[in-house]
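Each remark here refers to the structure printed beneath this line.
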Amino acid sequence: MLTLGIESTAHTFGASILNSKGEILSDIRDMYQTEIEGLEPRKVANHHKEVGNNIIQEAIETAKINIKDIELISLSQGPGLPLSLVEGMKIAKEFSKKHKIPLIGVNHVCAHLEIGKLLTKAKNPVFLFTSGANTQIIAYSAGKYRVF
């Protein structure tokens, strides 16, 4: 099974292809950057709208697969910058409908935690998640992520 993952929670639009073993076949990103101002939500969303489809196409080409090989699309559904999330969702829904591929929303924070487990192969880790003003201590227990 191949999955297309789409990430658009903040300044970066990313697309990755993963196989059923959790191996990353491609990981393509484009980051909105500014010279002096911070992240203006509308400008970031416009960036995602401009680059999104090209990033997805590049991820597919880099993975050396055919679009028909993709069986699932996963999408960051939050938390994140609302306008960025909406633009990513629009692109993901359009791609899903066009190619008749199921779409599933993924919690942004949990995705970071799962990637950390995948890359480190840690058993029952406790996470310190920091993102801007958001800091949490999180562990997986009894089938759920729990914030302490």
Inset, instruction - Determine which single condition Ala133 fails, assuming it passes every other condition in (1) at pLDDT below 85; (2) under 22 Å from Leu25 (Cα atoms); (3) of a type in the set (A, V, I, L, M, F, W, C). - result: (2)
Inset, instruction - Go through (1) free of Cβ contacts under 8 Å to residues at least 40 places away in the same chain; (2) part of a helix (DSSP H, G or I) and name the single condition Arg146 misses. - result: (2)
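One line per residue, one yes/no per condition, for (1) open to solvent by less than 60 Å² (accessible area, probe 1.4 Å); (2) not in a strand (DSSP E or B):
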{"site": "Gly14", "(1), (2)": "yes, no"}
{"site": "Lys21", "(1), (2)": "no, yes"}
{"site": "Thr34", "(1), (2)": "yes, yes"}
{"site": "Lys43", "(1), (2)": "no, yes"}
{"site": "His48", "(1), (2)": "yes, yes"}
{"site": "Lys68", "(1), (2)": "no, yes"}
{"site": "Ser84", "(1), (2)": "yes, yes"}
Inset, instruction - Taking Ser96 as meeting all but one of (1) open to solvent by 60 Å² or more (accessible area, probe 1.4 Å); (2) under 18 Å from Glu7 (Cα atoms); (3) in a helix (DSSP H, G or I), write down the number of the exception. - result: (1)
Inset, instruction - Check Glu71, Glu87 and return the single one that is in contact (Cβ under 8 Å) with a residue 60 or more places away in the chain, within 26 Å of Glu50 (Cβ to Cβ) and of a type in the set (Asp, Glu). - result: Glu87
Inset, instruction - Return the pairs, sorted by first residue and then second, in which the second residue is part of a strand (DSSP E or B) and of a type in the set (Val, Ile, Thr), the first residue lies in segment 123-135 and is within 17 Å of Asn107 (Cβ to Cβ) and open to solvent by less than 60 Å² (accessible area, probe 1.4 Å), the beta carbons are less than 9 Å apart, and the residues are 6+ apart or on different chains. - result: Phe127/Ile137; Phe127/Ile138; Phe129/Thr135; Phe129/Ile137; Phe129/Ile138; Phe129/Val147
Legend entry - Matching residues, segment 70-123, being closer than 24 Å to Val44 by Cβ, touching a helix residue (DSSP H, G or I) at 6+ places or on another chain (Cβ under 9 Å) and among the hydrophobic types (A, V, I, L, M, F, W, C): Ile73, Leu75, Leu81, Leu83, Leu85, Val86, Ile91, Ala92, Phe95, Leu103, Val106
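In segment 109-119, is there at least one residue being at positive phi, in contact (Cβ under 8 Å) with a residue 12 or more places away in the chain and either part of a loop (DSSP other than H, G, I, E, B) or open to solvent by less than 40 Å² (accessible area, probe 1.4 Å) (or both)? Give the derivation first.
The initial filter retains those residues of segment 109-119 that are at positive phi, namely none.
No, segment 109-119 contains no residue that is at positive phi, in contact (Cβ under 8 Å) with a residue 12 or more places away in the chain and either part of a loop (DSSP other than H, G, I, E, B) or open to solvent by less than 40 Å² (accessible area, probe 1.4 Å) (or both).
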Inset, instruction - Could you tell me whether segment 40-47 includes any residue that is in contact with a Gly (Cβ under 7 Å, 6 or more places away or on another chain) and modelled with pLDDT of 90 or more? - result: no
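The values are calculated or read from the model by the stated rules, or taken from the named source; none is laboratory data. Please read all numbers here as calculations on a predicted model, not as lab measurements. Heads up, the Cβs are rebuilt from the backbone with ideal geometry, glycines too, and the neighbour counts pull from every protein chain shown. Surface accessibility is based on the protein's heavy atoms, side chains included, excluding ligands, DNA and RNA. Shrake-Rupley method; radii C 1.70, N 1.55, O 1.52, S 1.80 Å.
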